[in-house]
1. Can you pull the Kirkwood radius for the protein assembly as shown, inverse mean 1/r over Cα pairs, to one decimal in Å?
2. Give the Cα extents of the stretch B:68-145 along the principal axes, in whole Å, largest first.
3. Using R₀ = 30 Å, calculate the FRET efficiency as 1/(1 + (r/R₀)^6) where r is the Cβ-Cβ separation of residue B:94 and residue B:169; round to 0.05.
4. Relative to the first principal axis of the alpha-carbon coordinates of chain A, what is the inclination of helix A:308-323, with its axis defined by its Cα atoms, in degrees from 0 to 90 and to the nearest 10?
5. Using only DSSP helix segments of four residues or longer, with each worth -39500 (n - 2.57), what per-residue ellipticity at 222 nm results for chain A after dividing by its residue count and rounding to 500?
6. Using θ = phi - 60° and the Karplus curve 6.51 cos²θ - 1.76 cosθ + 1.60, what whole-Hz ³J(HN,Hα) does each residue of the stretch B:225-239 get, with Gly and Pro shown as x?
7. What is the sum of charges, Lys and Arg at +1 and Asp and Glu at -1, for the other residues whose Cβ falls under 12 Å from the Cβ of residue B:279?
8. Please average, across the residues of C:209-221, the number of beta carbons from any other chain that are within 10 Å of each residue's own beta carbon, and give a whole number.
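Since every read-out is calculated from the coordinates, none of them should be taken as a lab result. Given the structure is predicted, the values throughout are model-derived calculations rather than measurements. Positions of Cβ are backbone-derived with ideal geometry, glycine not excepted, and every protein chain shown enters the neighbour counts.
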Amino acid sequence: MSARGSASPARQAWRRFRSSRGALASLLFLAASGLAALLAPLLPLASPRVLALAGEARAPRLELGGPHWAHRVSIRLRLNEPPRSGELLARAERALAASARELTAATPRILRHGPRAAPSELELALLYRPELDPARGADLEARFATLLASQSGPDGLHVPGGGTLALALAGVTAQDGYGPLGALDRALIALRHRLFGFFQLGPWLGTDAKGRDLFARCVFGSRVSLSVALAAALVSVVVGVGYGALAGYFGGRLDAVMMRLVDVLYSIPFLFVVIFVITLLGEYRTELARLGIGRMTAFFVVLGLSTWLTMARVVRAQVLALRQAEFVRAARVLGASHGFVLRVHVLPHLLGIVAVYLTLTLPAVMLYESFLSFLGLGVEPPQVSWGILASDALDALNPLSVAWWLVLGPALFLGATLLALNVLGDGLRDALDPRLGRNG
Amino acid sequence: MTAAWRARLRNVLALALLVPLAALALALARRARLPRAEFVYSNGSEVTTLDPATVSGQAEGRVAMALFEGLTVKHPQTLAPLPGVAERWEVAPDGLTTTFHLRADARWSNGERLTAEDFLFSWRRLLEPETAAPFAYQLWCVRGAEAFGRSTPEEREARWRAVGLAAPDARTLVVELARPTAYFLALTSFHPLFPVHRRSLEEAQRRFPGRWQSEWVRPGHLVSNGPFKLVERRVNDRLRLVRNPEYWDVASVALRSLDILALEHIGTGLNLYLAGEVDWIDRVPAALVPQLRRRADFQAAPYLASYFYRVNVTRPPLDDVRVRRALALAVDRPTLCAAILQKGEPPSWSLTPPGLAGYPRPEMRHAPQGADEAAHAAALAADRAEARALLAAAGYGPARPFPPLEILFNTSETHRDVAEVLAADWSAALGIEVKLLNQEWKSFLDSQTNLRYDLSRSSWIGDYPDPNTFLEAFTSRSENNRTGWSSTRYDALVAAAAREVDAERRLALLAEAEALLLEELPILPLFGYVSQNLVHPRLGGFHPNVLDEHPPKFWHWQERAR
Amino acid sequence: MTLFLLRRAGWFLVTLWLVVSVSFVLMRAVRGGPFSSERALHPAVEQSLRARYHLDWPLWKQYLQYVGPLDWSAEGHALVGGDGTRPFGGLLALDLGPSFKYRDFTVGEILAQSLPVSAALGALALVWALALGLPCGILAAVRRGTRLDLALRLGATLGIALPNFVVAGLLVLVFVFGLGWLPPAGWGDLQHFLLPSFVLGLPFAAYVARLTRAGLLEVLNQDYVRTARAKGLPPRLVLVRHALRAALLPVVTYLGPATAGILTGSLVVEKIFAIPGVGTHFVNSALNRDYPLAMGVTLVYTVLVYALNTLVDAAATLLDPRIRLEEAG
């Protein structure tokens, strides 16, 4: 039971935490990163996976950007003659937009290509939908051609309000920028389209050798890296705390046996276990897929299992100490069950140390993920993670031509996140118990 | 421990930790010091073994070429057979019997004379099942060799007497083939046919019965007959070779010492080359090829190897040949080669690579040559239209969408890039959803062998300049098939070609077999290989050739760059 | 102390046996064998190879042969007693078997060649870790709250933040191609040592700095230190004589896991700098399905980790008599 004095220990801890500006800032930064990762499809970034094979990586350019977002279905129209007036062109565009809306139930944006004064091509750009993708069998091109023909005469398109515009359908192309998406992501993409159209930020961090925007890859990579870290943390906490608490609470022979097991597991080089589990999961992937466990989930679990041992040891030590505490013994004397004692008295006191260790294991897990990606055992493309970006960065560091931006991008993101985690950890430790630094 | 002692211990602890550590580190470093050899090159990962009969990799073959020599040696540029241990040879008019005359001054590195008996012993050892030589079948062109290779220990001696190998005297070796084999002379410079020293083998077997395979190849024990001999070996580091003074042609061997490094990381190899520590690397990071191509010391040459995708024809929807053809047609090969690979790999519509003399190589398609982009785009559009029509004919469309496919590949940047491009091509042109699965090497091979894949990346390197080395892999009985495809007609054609005496007719039979393969498409042809060597500009005697074989005996330093 | 060491030794053997058994089964449970290759072997050839390495025996027989009671060279595969020339084979005779991948070597020979290399690399990495970490930590603690402290803490965090292969790439660019002082890779001379050991030791230096700083700060606040200062002792003397020894405890405790981490972390460094150490074998043996080498490496790792932990626990008692040598986690 917490003492009702000036303030509960929790509130005191919070006040101490708040007073440390670094820790507070890190917490906010991490919350913001998490939010950005979650909402990544909403941001006006380039697609992280569309290839633009131009041969060499491009250096960063601090330009604002333009309507280059690749995730679209394009109806391209070639203007055979320059339009007689801007006003005519505008009316024609409205008519074409209406036609497109009739066929696709979506309003296209109209982009002009070519010289400003006399555009040579019009593009009706729609948000990508698989039903409109000609590669998947959609006959949008044929239907649009028919519609266009019905509205055109020998001189060209009959523009409502008078005049003709000589144009021809150059083709319909589609580009899927993200692959299969979950429901939330699809909603975010739709929202992004409504807010920003086809606008996409410029190559602020440059591109890699395959033309993929690095900034976008870093942000989308954070989704994978952060979720890997969180999932691993979850597994680590659940397994580690459970195991350690049990061992420490019941003590005696059970404790001895459980800790022996931990010692043995500690001695097995974890890399073997990783390789074994990954190959094993690869072999049974169809069965696992039926259960809804994809390779990524399995990967999370494996990484989480890499860190639970230390957590178990630390929790056990803490619980061992707590077991002797007055209030626990009192509760037992009063007849409380083991479960009640564990839940109400022991676990809350573990919060502090668990939180501190989490902030230590998360960076370790993220670095381990990058290590596995370097070896080729990690996340698979076209998924992108910071580990994969770091691996690409190593290839970019060669004496012939240093694509320094390929190192800067992941270094910034990874470094900032790990820095924030470490500062947060320090702050937590100071706040929860200034004397807790002993065990660091 | 008294308090005083404890205190002193504590005070000094920090220093005490550092000093012995540093001393230990330095002492161990000094022991490892080894000065650079005259020529250093990178051989990829550590070789499996130095025994030339039991290996099958390119890295092992290179080391074998430095340590041993066969009856003939390949010319560094034309790959024609030059006299090696054999100073001359005669082929009988029927094409079946070849008589090799060994030179009088052929010696082992310990001074003993090399005789025809040594070849008899070594080739017998190659054929014996107990040796577990992966290339034993290469010698089955010799009369009676296959029967000997499949014999039980009881039949062994009897079968050996029926084998067409004889050594009438110490300097003559007579070989009788079962059927005329055009590439037999080329085989005599191939590492499985190199001679091994009988006496040191048998002595190792006697003295170290459990582990003689590793004892007889030790530096100091290994007796070899090639231009170089082994002086030191460190696992995962290097092989140190020096010029063999007993070699019959030692006067032409210019290099005094040779270091063969085991380097795994390609970027490291490049760094070492650019820093001048290594004189030849045969692999470069894929991303840097555009810049390296502009250098004078970069040699890219056509290589006798093909890159293709195996198709698991036992799995629907890939069991339908129309689907396979559609997949093959929809790939944009020129862009793949130009944009991803960038070393000048030629797009390929066949299993066999170009460059096989006299072979009327069939192609799935006659693609436009040259750099005319419009022609390529038009051809691709036509191909893709045909592919879509094929899919529709196979019954796939909006009503019945095509199921997702999976590309299996082993961990490598290039394989991943190629798979990504193919997945994008198939998605864009045919609307097929394609997933990528990356497995590490052994799991990958296992999946392939047990037909647990849809499409799998694959490549095949030719052992000798003849189409048979590619085509025999896809016969029904071959363990290299791994696609589940079998065709009795194909098997019959390949077997008939093996029996055919007339060279031209034989190549025509093989072409017919390949054409059949390209109709049935258990593989999707993609592109041919290009060898990529960064070689020191002052190295002479090193020429790009289609087998990427470079006998070290011809290497020498020149005054000025090539 | 003796009882402690004896008990530790006992548990060590149990742990070792468990590790051997679990790894043995784990490795053979994964698909893919040591002899598969792109150019598949003729079934008869593969059969021959498997027979040579006893892979055609049932699993229990292979296990017994590896661990010892069954002797390798005895064709009669007799149980305990072997072929009469020696009582045991396998692990009990300290014979780790031949390598399946590097067929010219036994596992013992490979380890004998690569362990000194890794030991040297690891030792020098630890030297860097301590030589960089300790002074930085002490400085940061003594100048707490100043900009120097902040800068050092930032540097320490960055040292942990970047994956070590990226740091390696950067350093190679600067020191090899930029300044031309060091060779890019290889092994053979002192100069080959410097970069790889620095890269390896850097994250640990960062951790050591943080631990030292934290430990020192705590100690500096203690009453006895403040008393010493109040008595007028020069600050440096206070530092060295009183504060340091107590502050070093967490560092020493950390050295155990640090060395284990150096062993596994050396993999990347060895790959990039082409160093023939044990780390490469860690991954490659598993990927090649080279069972004996993988087992040998696992055993080495186990022995090292266990020995180090024991050493660290023993050292901890020496440093701080309040810690008793019991099996407290």
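1. Across the protein assembly as shown, the inverse of the average 1/r is 34.9 Å.
2. Result for the stretch B:68-145: principal-axis Cα extents of 37, 32, 25 Å.
3. 0.85
4. 40 degrees
5. -19000 deg cm²/dmol
6. Those phi angles translate into 10, x, x, 10, 10, 7, 10, 8, 9, 10, 4, 6, 10, 7, 10 Hz.
7. In short, -3.
8. Per residue, the number of nearby Cβ atoms from other chains is 2 on average.
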